[in-house]
Amino acid sequence: MPRNPSLSQIEASRRNLRGKAGPKTEGGKRTSAANGRKNQGTKTAKARARIINARHGINTESFYAYADCLNCTKHCAWPTFSPTTAFRDLPLGCLEEVLVSRPDRCFYHLEGLCLADFRKLASTHPGRLCVIEPRFIHTFEVSDHNVNDEALNRAELEFRRKIIRLVTEARAYIQRLRREELTEVEIHPRMMSVLRLLRKALNNCAPCQYTPWRDYDDWDRWLRWIADGEFEKSKRSSGRVSP
C-alpha cells in the first residue's frame, strides 16, 4: 500500500480485512506481501506534487505550486518541498526561484526583514547567510559536542518552526492594527509578548536580500509604533492601543 493510497486502494484494503477479497493461498499471500514491499512511497517533490494534484488538487499557496513542480523538467533529487522540509532535503535552487518573485514566502521573512538573524541575537556567530545558501545550516549551534549534519538539521528546523509561529502571529496582529475601522485594540499578554519580539526584530534584524530596503521613515505608523516600544506605554496607561 502506498503512503498516500487512493480511495479505491483504501476500499480494497477494507475488503481484504473483511476476508471478502485478497489472496487465499499461502503463495498468493507471499506474493501480495512482496508487492507491498516494492512500493517505498514517492521519491521526489515532483512526484509528490503530481500525486497531491491528482487526488486533491495542488494548493496554489504551496511551494509545489510556486516552484511549478507539476511542469518541471529538471532532475529532482529532493523528497519534499514544504515549510517543514528538513534543510538537507530542501531544493535550494528551487527555493531561490520562488523567493526571487515572492520573498514573503520565505520561512524567515516578515515586513521586509530577515528573521533568520534572530539566531545571532543569542549567539556570537559572525556573518549573515540567506537560507538558500548551503552553508546556512552551519550557522546554527547545537548543545552537545557531537556536531553533525543530523544535529544541525534538527536545530535549524526547530528554530524555523518557532519563527514561522512568530511570523504567523505577528502578521495577524499587524493586520488587526492596520484595519482602518479599529481605533483601539486591547493588548492581551500574548500580543504583548509577540510585539516585544517584533520590536527586537525591527531594531536588530537585517533586511531580506530579495526585498527593496525600507528604512524607518518608510515604515507605516504601526511599525514605527512597535519599533519605538509605544505599545508598552499604551498598556501601562490604559491597556489599549491608541497611537
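The values are calculated or read from the model by the stated rules, or taken from the named source; none is laboratory data. Quick caveat: nothing in here was measured; it's all calculated off a predicted structure. When we count neighbours, we look across all protein chains shown, and the Cβ atoms used for this are built from the backbone with ideal geometry, even at glycine.
Starting from region 210-229, keep only residues that are closer than 22 Å to Pro103 by Cα, then list their pairs with residues that are loosely packed, with under 11 Cβ neighbours inside 10 Å whose Cβ atoms are within a distance under 8 Å, requiring at least 6 positions of separation or different chains.
Here the result reads Tyr210/Val100, each pair linking region 210-229 to a residue that is loosely packed, with under 11 Cβ neighbours inside 10 Å.
Could you say whether any residue in region 77-94 is touching a strand residue (DSSP E or B) at 6+ places or on another chain (Cβ under 9 Å) and part of a helix (DSSP H, G or I)? Spell out the reasoning first.
Just the residues of region 77-94 that are touching a strand residue (DSSP E or B) at 6+ places or on another chain (Cβ under 9 Å), to begin with: none.
Scanning region 77-94, I find no residue that is touching a strand residue (DSSP E or B) at 6+ places or on another chain (Cβ under 9 Å) and part of a helix (DSSP H, G or I), so the answer is no.
Got at least one residue in region 158-172 being over 22 Å from Leu99 (Cα atoms), out of contact with any Phe, Trp or Tyr (no Cβ under 6 Å at 6 or more places or on another chain) and free of Cβ contacts under 8 Å to residues at least 60 places away in the same chain?
no
Does Arg199 fit the bill of being more than 22 Å from Val131 (Cβ to Cβ) and exposed (fewer than 14 other Cβ atoms within 10 Å of the Cβ)?
No, not satisfied.
If a residue has to be at pLDDT 90 or above, more than 19 Å from the chain's Cα centre (by Cα) and not in a helix (DSSP H, G or I) to count, how many in region 50-71 make the cut?
The qualifying residues number 3.
For Trp78, only one of the following conditions fails: (1) under 24 Å from Ala201 (Cβ atoms); (2) not assigned by TED's automatic domain parsing to the domain that holds Asn204. What is its number?
(1)
Do we have Ala47 as in a loop (DSSP other than H, G, I, E, B) and over 29 Å from Leu223 (Cα atoms) here?
On the way: in a loop (DSSP other than H, G, I, E, B): no; over 29 Å from Leu223 (Cα atoms): yes.
It is false that Ala47 is in a loop (DSSP other than H, G, I, E, B) and over 29 Å from Leu223 (Cα atoms).
Answer yes or no as to whether Ala155 is closer than 25 Å to Pro212 by Cβ and of a type in the set (A, V, I, L, M, F, W, C). Outline the logic, then answer.
Working: closer than 25 Å to Pro212 by Cβ: no; of a type in the set (A, V, I, L, M, F, W, C): yes.
No.
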